[in-house]
Amino acid sequence: MRRSKRYAIRLLIGLATFALVIAIISSIVFPVFRFPQPTGPYEIGTLTYHWIDENRPEIFTSNPNDHRELMMQIWYPAKKGSPAPKMPYLQNADIVMASFAHILNKPKIIFRNFKYVTTNATPSAEVVDTEQSYPVLLFLEGAAGFRQMNNFQVEELVSQGYVVAAIDQPGTAAVVVFPDGRQIAGLSVEQMQALIRPSYMASQKKAVIDGKELTDTSIIPYFTQDVVFILNQLVALNRTDPNNILNGRLDMQRVGAFGVSLGGIVVGEACRLEPRLKACIMMDAPMPIDVVQFGLSRPSMWMTRDVDSMRLERKRSGGWPENEINAHLTSMCAAYDGNKFDAYLLQLPGAFHSNFTDVPLWSPLCPMAWHHRAYGLRTSAWHYQHILSCILQQAFEKSPDSSNLNTVKAVS
């Protein structure tokens, strides 16, 4: 009996020690990181909204009576001096990162510190009065991501005088958590690929959900309708914000969009169809067949990397089969060549897919973290803001310095 107790005590001590070691290691590998201070003159405010499209069904739930619901976060230039605490990086961080870890087959404990990470944004801060209204940019996340996954980029843009509205889309996000606690979990990587690839690979079978073929070839048109809905909601918000903060502060005549990975695919299609989008940036994303065939008729920029960088990522991290690399680069270059307005193609040699998001900030051990910090956060953030400013000015028939508008084929 005593021997059994001793074994039990030793087992408990061993388990506790193991858990402590794991917690210490995870804190070293994934510490409580900080976002760099944005370089622009404005502070940053943020608000979150829950919007329901009563005219469209939700196809990522089992209830046929469900309507499409989206979570939206808006960042905007704010007045200085707000006493409120800074916004957490992720609302519902434990839920979001548990789903993220599950989809990517990673232990969720390594993301335990995300709930302690804060941003440079202040909730419900007053809008700064420097301008009557500010140009609006939509941001679309990548597959299995979340609306805050490009926070470093968002904060830099907002500090320079943009409003950024980011969407959590069920079916795209790792998980969408609604104000009443309901959740819509994300799909596996394999499921998402089967829904997305037919949009840019003609050889792929038509997308299927729950054994039923979609009306369209892929899921991209369904996600694109979210963009149309959000634009309509932003117009309404600009008239009457329930928070009484953004009334009249959104310049809906100057609207652009940017997205990464899956979000970049959707941005490409949305910019082809939606005339209210005056400028677009697609980051490391293949272009839909229709975008390649018909082109875009507005200032656009594609950001990617070279074939050797993609193959290096495959060697180190897996993924990126040769047909995927070919589809990415061929379709992006074809869309760039066929653009009917001024176009920009920016290649970042040595970058990995995650360099177009916040991921390298998460850990000092993340692949290419040095590249993201030394190049991405300084040079690329500048390119995002500077070139976006130029193409927006072009789109609105202003006359920026032509020396700023040279197409960037590559950056070494």
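The values are calculated or read from the model by the stated rules, or taken from the named source; none is laboratory data. For clarity, every value in this text was computed on a predicted model and none was experimentally measured. Heads up, the Cβs are rebuilt from the backbone with ideal geometry, glycines too, and the neighbour counts pull from every protein chain shown. Side chains included, ligands, DNA and RNA excluded: accessible areas come from the protein's heavy atoms. Shrake-Rupley method; radii C 1.70, N 1.55, O 1.52, S 1.80 Å.
In the set (1) under 29 Å from GLN193 (Cβ atoms); (2) in a helix (DSSP H, G or I); (3) under 21 Å from the mean Cα position of the chain (by Cα); (4) modelled with pLDDT of 60 or more, TYR384 fails one condition alone, (4).
The helices (runs of 4 or more DSSP H) falling completely within the stretch 269-360 include none with 3 or more residues that are free of Cβ contacts under 8 Å to residues at least 40 places away in the same chain, under 19 Å from GLY145 (Cβ atoms) and not aromatic (Phe, Trp, Tyr). Scanning the stretch 101-119 for residues being touching a Lys or Arg at 6+ places or on another chain (Cβ under 8 Å) and under 17 Å from THR172 (Cα atoms) gives a total of 2.
Results for (1) within 19 Å of PRO360 (Cβ to Cβ); (2) open to solvent by 40 Å² or more (accessible area, probe 1.4 Å); (3) within 12 Å of the chain's Cα centre (by Cα); (4) at pLDDT 95 or above, shown as yes or no for each residue.
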site	(1), (2), (3), (4)
TRP75	no, no, no, yes
PRO88	no, yes, no, yes
LYS108	no, yes, no, no
ALA121	no, no, no, yes
SER133	no, no, no, yes
GLY142	yes, no, yes, yes
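Against the numbered list (1) touching a strand residue (DSSP E or B) at 6+ places or on another chain (Cβ under 9 Å); (2) open to solvent by less than 10 Å² (accessible area, probe 1.4 Å); (3) over 26 Å from PRO57 (Cβ atoms), GLU126 comes up short only at (2). The strands (runs of 3 or more DSSP E) found wholly in the stretch 150-265 and carrying at least 1 residues that are at pLDDT below 95 and surrounded by fewer than 24 Cβ atoms within 10 Å (Cβ to Cβ) occupy 250-260. A search for C-beta distances below 9 Å between a residue of the stretch 208-236 that is at negative phi and any residue that is part of a helix (DSSP H, G or I) and open to solvent by 70 Å² or more (accessible area, probe 1.4 Å), counting only pairs 6+ apart in sequence or on different chains, returns ILE209/GLN191; PRO221/LEU273; THR224/LEU273; VAL227/LEU273; VAL228/LEU273. For the stretch 124-148, the tally of residues that are part of a loop (DSSP other than H, G, I, E, B) and farther than 26 Å from ILE196 by Cβ stands at 9. Within the stretch 50-72, track down each residue that is part of a loop (DSSP other than H, G, I, E, B) and charged (D, E, K, R). GLU58, ASP66, listed by residue number.
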